[in-house]
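Undergrad: One structure is given below, represented as structure tokens, and several questions about it will come after.
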Amino acid sequence: MRIDLHIHTSPRSACSYIDPHELIQEVQRLKLDGICLTEHQVIWDSDEVNELARESGIKIFRGNEFTTNQGDMLVFGLYKDIKELMMIQELSEEVKTAGGYMIAAHPFRGFKTFGIGQLQMTVEQACRRKALEFVDAIEVGNGKLSPDENDMARKVAQKLGLPGTAGSDAHRVDEVGRWATVFEKEIHTELELVQELHAGRFAAIKGEEYL
């Protein structure tokens, strides 16, 4: 089952240009099995999501992208609007209490700073990033990042023995599906999504691998 785990829509995410109904049309065109709506610090109402899913025949799940003092985190299974910047320890405790799942989103975005190519971060240095002590997985495929940035995330996940997820991080319709996560089992509910994430029965794939 192919799910884009990281999508932002307008107007819930102010930085996104994606109308939810246009998103559905694109997901149907791409033949994705499901999507996750992961707005910035905003959780969708379950009734709205269920209606979109019924209209489209696509599995639609809710998540959230929280901003912490250690970077952005994709969270599933915690259905709260938390507007303020959070300490990562505090968010981790909230997620664990709820039985949820937390993923380091685009953890190495911009790690190759322009003009200092000789001072690139090593995998060993990257593994020492504080945020990675608190997450269940690392986003190793993000549609907004360069191949080098995604590759660094993949190498760090392997080194730390953490699972790797993927999603488009789409803010425009043409970005949807650039990366996705393939689950071994069919998923019907948000609870099942969280259970399958915890079980680790998934893999990250690039969009061209299923188009």
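Just so it is clear, none of the values below were taken in a lab; they were calculated from the coordinates. Values in this document were obtained by computation on a predicted structure and should not be read as measured data. Positions of Cβ are generated from backbone atoms using ideal geometry, with glycine treated the same way; all protein chains shown enter the neighbour counts.
Undergrad: Let me see the P(r) profile for region 5-49: every Cα-Cα distance counted, bins of 5 Å, each bin given as a percent of all pairs.
TA: Bins of 5 Å from zero give 5, 22, 32, 28, 12, 2 percent of pairs.
Undergrad: What number, in percent, do you get for the relative contact order of region 65-211 if the mean sequence gap of Cα pairs under 8 Å and at least 6 apart is divided by its residue count?
TA: Once normalised by length, the contact order is 19 percent.
Undergrad: Applying 1/(1 + (r/R0)^6) with R0 = 41 Å to the Cβ-Cβ distance of Gln120 and Asp45, what FRET efficiency is obtained, to the nearest 0.05?
TA: Details: r = 44 Å, r/R0 = 1.07.
The calculated FRET efficiency here is 0.40.
Undergrad: While we're here: Magnitude of the Cβ-charge dipole of region 43-91, K/R +1 and D/E -1, about the Cα centre, nearest 20 debye? The partial results should precede the final answer.
TA: Working: 5 positive and 10 negative charges, 36 e Å.
Value, rounded to 20: 180 debye.
Undergrad: Sticking with this structure for a sec: Hey, got the dipole for region 2-209? About the Cα centre, +1 on K and R Cβ, -1 on D and E Cβ, debye to the nearest 20? If you can, show how the numbers build up before the last one.
TA: Numbers: 24 positive and 35 negative charges, 154 e Å.
I would put it at about 740 debye.
Undergrad: As I understand it, the dipole of the chain uses +1 on the Cβ of Lys and Arg and -1 on the Cβ of Asp and Glu, about the Cα centre. Which of Gly77, Val156, Thr122 lies farthest toward its positive end?
TA: Thr122
Undergrad: If you don't mind, there's one more thing I want to ask. Give me the number: length gained by fully extending Leu160 to Asp148, i.e. 0.36 nm times residue separation minus the C-alpha to C-alpha distance, one decimal in nm.
TA: 2.5 nm
Undergrad: Next up: What per residue convex hull volume, in Å³, do the alpha-carbon atoms of region 2-209 yield? Kindly include the intermediate steps, with their values, before the conclusion.
TA: Details: hull volume 24.7 nm³, N = 208.
In region 2-209, the Cα convex hull volume per residue is 119 Å³.
Undergrad: Sticking with this one: Could you derive backbone 3J(HN,Hα) for region 26-42 from the dihedral phi with the Karplus parameters 6.51, -1.76 and 1.60 (θ = phi - 60°), listing whole Hz in sequence and x where the residue is Gly or Pro?
TA: So the Karplus estimates, Gly and Pro as x, are 5, 4, 5, 4, 7, 6, 6, 7, x, 9, 10, 8, 10, 6, 6, 6, 9 Hz.
Undergrad: Show me 180-189, 150-159 ranked by packing, highest mean number of other Cβ atoms within 10 Å first. List each step's numbers first, then the result.
TA: On the way: 180-189: 17.6, 150-159: 20.0.
So the order, starting with the most tightly packed, is 150-159, 180-189.
Undergrad: Determine, from the Cβ-Cβ distance of Gln28 and Asp174 and an R0 of 22 Å, the FRET efficiency 1/(1 + (r/R0)^6), rounded to the nearest 0.05.
TA: With R0 = 22 Å, the Cβ-Cβ based efficiency is 0.90.
Undergrad: In addition: Taking the Cβ of Arg128 as the center, what net charge do the other residues with Cβ under 15 Å away carry, scoring Lys and Arg +1 and Asp and Glu -1? Display every interim value, and only then the final one.
TA: Working: positive: Arg129, Lys130, Lys155, Lys159; negative: Glu124, Glu133.
That sum, taken over residues with Cβ under 15 Å, equals +2.
Undergrad: Something else: Lys80: which lysines have alpha carbons under 16 Å from its alpha carbon, excluding same-chain residues fewer than 8 sequence positions away?
TA: Within the straight-line limit of under 16 Å, Lys80 reaches these lysines: Lys96.
Undergrad: I've got another one for you. Check the straight Cα-Cα distances from Lys206 and name the aspartates and glutamates below 19 Å, setting aside those fewer than 8 residues away within the same chain.
TA: Those aspartates and glutamates meeting the cut-off are Asp4, Glu26, Asp33, Glu139, Asp148, Glu149, Asp151, Asp169, Asp174, Glu175, Glu184.
Undergrad: Per residue of region 149-156, what does 6.51 cos²θ - 1.76 cosθ + 1.60 with θ = phi - 60° give for ³J(HN,Hα)? Whole Hz please, x for Gly and Pro, Karplus curve as stated.
TA: With coefficients 6.51, -1.76 and 1.60, one gets 5, 5, 5, 4, 4, 5, 5, 5 Hz.
Undergrad: Between Ala53, Ala105, Ala166, find the one with the highest GNM mean-square fluctuation for the chain; connect C-alpha pairs within less than 10 Å.
TA: Highest fluctuation among the options: Ala53.
Undergrad: If all Cα-Cα distances of region 152-209 are sorted into 10 Å bins from 0 onward, what percent lands in each bin, rounded to whole numbers?
TA: 22, 44, 32, 2
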